[in-house]
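Encoded as structure tokens, here's the structure I'll be asking about.
The values are calculated or read from the model by the stated rules, or taken from the named source; none is laboratory data. These figures come from a predicted structure and were not determined experimentally. Note that we place each Cβ from the backbone using ideal geometry, even for glycine, and neighbour counts take in every protein chain shown.
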Amino acid sequence: MAESLTAKTLTDSGCVVDDCVATQRKALFVGFKVYTLNDLHPDRSEPSNFDVDIRRFLHLLELFRDDPKNYNGIRIYFATCLDEAGSPGVPAGQEGHLSLIMVPTVQNGSDPIGGIDDPDAYYHLFGNCPPLPDAGIRTNWLQHFAQDRRPYLIDDGRMITRSQNFSETTCLWYPMVTIEGDGDEDEGMIAVLQKAIHDNPNPPPHFFTVEYGCFIKDGEDSTLFRYFQLTILFEIHDDSKKHGQERSIFLGSTRVNFHALGDIDTGMPCPPASTCPPK
């Protein structure tokens, strides 16, 4: 039987992000970036999170782990759904909103960081995570973000950080060890998600969400990432009565060392964050 989600091994897991750090990241997005995004489509408010089917997401991570192509990680692109209702691939109500495209990567030569997107395995990280096989849809969404959202977020970031060198994230990359664990003491996302489902065999729709956030000034963020750049968190909302109150678990990557790059936390902005080319 799987261990409980509240087991000590979960607390020690390298894919779990500190509650305080996660809360501060979420607050930065809600307190600042969301207003910039709202101004770009004033007829509808930008959500700060969205529901994802935890079983489907887990299934995809397991597929990536077991694929014979030997993936080395997962890249998640920031995108924006087209504004027009009925646009191909756009879920109802998501027109003009920030969105995410997920794709596994294959190691590029001897470089352990990043990797090359698998052109046959793009997914819309939303709801039940449907595949996005149409290159035209992906390109349109990525360009919509790059041309119609990102420049305004950069201007806003330069004002908030008081740095003309501010550059907004285009994508995040998660190493495979974050997904599957290290096979020793450090568990990966797959094991944590399995425990969450074991503890909640019939999870409600809002049980698992993706949260938008920004890197903060303090702690490891201050040495690893540029303050105020976009990031995301995977949040498990456990409101079962045995815990007394809702306990959120935030997933990312916190203990993976890549030589001089240090720890990678909640996805690494594809270095450099401003130059990840849309695929």
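Restrict the check to region 140-147 and report whether at least one residue is over 17 Å from V17 (Cα atoms) and without any contact (Cβ under 8 Å) to a residue 12 or more places away in the chain. Let's see the steps before the verdict.
Filtering region 140-147 down to residues over 17 Å from V17 (Cα atoms) leaves 140-147.
Filter once more, keeping what is without any contact (Cβ under 8 Å) to a residue 12 or more places away in the chain: 147.
Checked against the condition, which is being over 17 Å from V17 (Cα atoms) and without any contact (Cβ under 8 Å) to a residue 12 or more places away in the chain, region 140-147 yields at least one hit.
I would also like to ask the following. Return yes or no: is W173 at pLDDT below 95, of a type outside the set (G, A, S) and surrounded by 15 or more Cβ atoms within 10 Å (Cβ to Cβ)? Before you say what the answer is, go through the steps one by one.
Numbers: at pLDDT below 95: yes; of a type outside the set (G, A, S): yes; surrounded by 15 or more Cβ atoms within 10 Å (Cβ to Cβ): yes.
When the stated conditions are applied, W173 passes them.
Looking only at region 155-170, count every residue that is at pLDDT 95 or above and either under 14 Å from F78 (Cα atoms) or in contact with a Pro (Cβ under 6 Å, 6 or more places away or on another chain) (or both) and tell me the total.
Qualifying residue count, region 155-170: 0.
Name the one entry in L224, L261, L230 that is within 30 Å of M159 (Cα to Cα) and modelled with pLDDT of 75 or more.
L230
Give the residues of region 72-93 that are crowded, with 18+ Cβ neighbours inside 10 Å and free of Cβ contacts under 8 Å to residues at least 40 places away in the same chain, sorted by residue number.
Selection gives V90 alone.
Residues that are in contact (Cβ under 8 Å) with a residue 40 or more places away in the chain, surrounded by 20 or more Cβ atoms within 10 Å (Cβ to Cβ) and aliphatic (A, V, I, L, M): does region 152-164 have at least one?
yes
Next up: Taking the conditions exactly as written (closer than 18 Å to D19 by Cα, modelled with pLDDT under 90, surrounded by fewer than 19 Cβ atoms within 10 Å (Cβ to Cβ) and polar (S, T, N, Q)), does S253 satisfy them or not? Quick ask: steps written out before the conclusion?
Working: closer than 18 Å to D19 by Cα: yes; modelled with pLDDT under 90: yes; surrounded by fewer than 19 Cβ atoms within 10 Å (Cβ to Cβ): no; polar (S, T, N, Q): yes.
Here the answer is no, as S253 does not meet what is asked.
Restricting to region 54-71, what's the tally of residues that are under 16 Å from F234 (Cα atoms) and either more than 16 Å from the chain's Cα centre (by Cα) or loosely packed, with under 14 Cβ neighbours inside 10 Å (or both)? Explain how you work it out, then say what you get.
Within region 54-71, the subset under 16 Å from F234 (Cα atoms) is 54-61.
Filter once more, keeping what is either more than 16 Å from the chain's Cα centre (by Cα) or loosely packed, with under 14 Cβ neighbours inside 10 Å (or both): 55, 59.
Residues that pass the stated criteria total 2.
Another question about this same structure. Residues that are under 15 Å from L142 (Cα atoms): find the strands (runs of 3 or more DSSP E) completely inside region 50-129 holding 3 or more of those. Give the steps one after another, and end with the answer.
Details: elements: 73-80, 98-108, 111-117.
Here the list reads 73-80, 98-108.
Is it the case that some residue within region 239-247 is on the phi > 0 side of the Ramachandran plot, modelled with pLDDT of 65 or more and small (G, A, S)? Let's see the steps before the verdict.
Step one: of region 239-247, the residues on the phi > 0 side of the Ramachandran plot are 244.
Cutting the leftovers down to modelled with pLDDT of 65 or more gives us none.
The answer is no; no qualifying residue exists.
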